[in-house]
Amino acid sequence: MSPPFANFAADHGLRYIGPGYTADLDPTVVPEREPVLVSGLGLAFVDWMVLLAESRGGTFSRSDDGTLVYAPSGREPVVYAGSRRGVPYHSKISYSIADAAPPLPRFFVPEAFPGTDILDFRADIWPLAVTELAWAHYYELFASYPDAVRGSFADLEAALERDGAAAVGDLVERMVPDPADRFDIDVLDRPLQHERFDSLDDAADRVHAYIDADLRRRRDPRFSADAAVFTGLLSVYRTVGELVRTQRLAPTDVATQVEGNLHSFFSFIASGPPPERLEQLLALGRAGVIRYLGPNVRFDVDADGFRATSTAHPDIVRAGTLIEARLPAASISASADVLLRSLHERGEVREVRASPTSPAKLAVDGSSRVIDASGTAHPRRYAVGAWVAGHAWSGAFARPGIDAGFFRHNDGIAADLISSSTTVQDRRAV
């Protein structure tokens, strides 16, 4: 997506700021008091909003009732921001996560996938992962807030084990009266996907209401089932990492489903900004600095410049500046590293890409041995790091005491290297 936008901007005298690390980018090129389109509502978007607000001379303060207020300097742009979900990442949870720690894993363990056949992530893995998250949610709800439920958790647990989360909707409705206490993976992942609005303003109001509700919920231990889902996600990542390590997933599934969809979901739920940042977003919205575009936003170009449209409302927004608020996509074939690029040119390494715009990472087997263009793993060439496909657990920081997957994985690589080195020395001795 980036090169066509960059070329279009250069040919038409527009401003395009592509993906990058926000601290390395120059916010002064963004014009004052003009509409600006921002693609993406993740952490890079939050960083951009801080740069485009406070760096322009605006200030935050508290009103008498405690509401955060932004006083514009008049030099800010008017930001129109959107994404597929249409809402920013969830706020970090403010209460103790350790107090809502169900005994995991429950269902989602490597032993649930016997054999050695290649698994299909969506058909074979994801349904059980969702059941694990639902179990964690209801375990905490029934244990900590028995007044909010009806019946026995054992009955719901048995239904989850027998039928899976997708098939227990009617039972959940009877046992959990308040919809706010129910686990719905689709609503959790795409909270506005089924909503339609008469105008851009209505969509923006809905996003503001969503952010406000999210802030209140993430501060309220009454909804500690959310923290249990967070813990469940960490457990799911661990099992998925083991399935990747044992080569139970095809490289394309690792790239598309694990490093694509699963990591996107995890980031949205568990890797959001601190609540203070979302408060700032609300204040900027009330001050007219940010206007949200709603869900299912598409950014493209026409004769008048960049434009943004949403399937959720009929309005079109145009601007002469587009910012892609996301990190740059990795690439092996186009890497600035001469060694990596030359290895790829010779067919000694292979890159895996989920889609034309997603990161292209280095393909490795379950032991992190580099895979060449023919699909063969090199016996003594290893690769590790964020730019390597298949390291599902490395996308998030490790929590103390959980024996994080990347520690175990790197220990395994070290053991392989020691074993390989010992074998070579023994052969030389003979």
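The values are calculated or read from the model by the stated rules, or taken from the named source; none is laboratory data. Being a predicted model, the structure only gives us computed values, none of them experimental. Note that we place each Cβ from the backbone using ideal geometry, even for glycine, and neighbour counts take in every protein chain shown.
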All but one of (1) farther than 28 Å from Thr311 by Cβ; (2) charged (D, E, K, R); (3) free of Cβ contacts under 8 Å to residues at least 60 places away in the same chain; (4) surrounded by 14 or more Cβ atoms within 10 Å (Cβ to Cβ) hold for Arg248; state the number of the condition that does not hold. (3)
Subset of the stretch 300-309 that is surrounded by fewer than 23 Cβ atoms within 10 Å (Cβ to Cβ) and either among the basic types (Lys, Arg) or touching a residue at least 40 places away in the same chain (Cβ under 8 Å) (or both) - its residue that is farthest from Ala10 (Cα to Cα): Arg307
Looking only at the stretch 290-338, and only at residues there that are in contact with a strand residue (DSSP E or B) (Cβ under 6 Å, 6 or more places away or on another chain) and among the β-branched types (Val, Ile, Thr), the one that is farthest from Glu76 (Cα to Cα): Ile332
Would you confirm whether or not the stretch 60-73 contains a residue that is among the basic types (Lys, Arg) and under 19 Å from the mean Cα position of the chain (by Cα)? no
Looking for whichever is within 30 Å of Val352 (Cβ to Cβ) and outside the structural domain of Val388 (by TED's automatic domain parsing) here; the options are Pro177, Pro191, Pro251. Which one fits? Pro251
Which one of Ser342, Ser331 is surrounded by fewer than 18 Cβ atoms within 10 Å (Cβ to Cβ) and in the same structural domain as Ala373 (by TED's automatic domain parsing)? Ser342
Condition check: assigned by TED's automatic domain parsing to the domain that holds Phe230 and at positive phi. Does Gly115 satisfy that? yes
Out of Pro295, Pro274, which single residue is surrounded by fewer than 21 Cβ atoms within 10 Å (Cβ to Cβ) and either touching a Leu at 6+ places or on another chain (Cβ under 6 Å) or in contact (Cβ under 8 Å) with a residue 40 or more places away in the chain (or both)? Pro274
Matching residues, the stretch 179-229, being aliphatic (A, V, I, L, M) and within 21 Å of the chain's Cα centre (by Cα): Ile185, Val187, Leu188, Leu192, Val207, Ile211, Ala213, Leu215, Ala225, Ala227, Ala228, Val229
Of Ala329, Ala319, the only residue that is within 25 Å of Trp48 (Cα to Cα), hydrophobic (A, V, I, L, M, F, W, C) and within 22 Å of the chain's Cα centre (by Cα) is Ala329
Of all the strands (runs of 3 or more DSSP E) wholly in the stretch 1-97, which have at least 1 residues that are farther than 29 Å from Arg219 by Cα? 15-17, 35-39, 78-82
Restricting the search to the stretch 112-126, which residues are in a helix (DSSP H, G or I) and either within 23 Å of the chain's Cα centre (by Cα) or at pLDDT below 95 (or both)? Phe121, Arg122, Ala123, Asp124, Ile125, Trp126
Of those in the stretch 363-384 that are β-branched (Val, Ile, Thr) and touching a strand residue (DSSP E or B) at 6+ places or on another chain (Cβ under 7 Å), the residue nearest to Phe407 (Cα to Cα) is Val364
Quick test for you: out of Gly82, Gly151, pick the one residue that is in contact (Cβ under 8 Å) with a residue 12 or more places away in the chain, of a type outside the set (Asp, Glu) and surrounded by 21 or more Cβ atoms within 10 Å (Cβ to Cβ). Gly82
Pick from Gly241, Gly260: which is in contact with a Ser or Thr (Cβ under 9 Å, 6 or more places away or on another chain) and buried (at least 22 other Cβ atoms within 10 Å of the Cβ)? Gly241
Going through the stretch 127-161 in order, the residues found to be outside any helix (DSSP H, G or I) and either in contact with a strand residue (DSSP E or B) (Cβ under 8 Å, 6 or more places away or on another chain) or small (Gly, Ala, Ser) (or both) are Gly151, Ser152
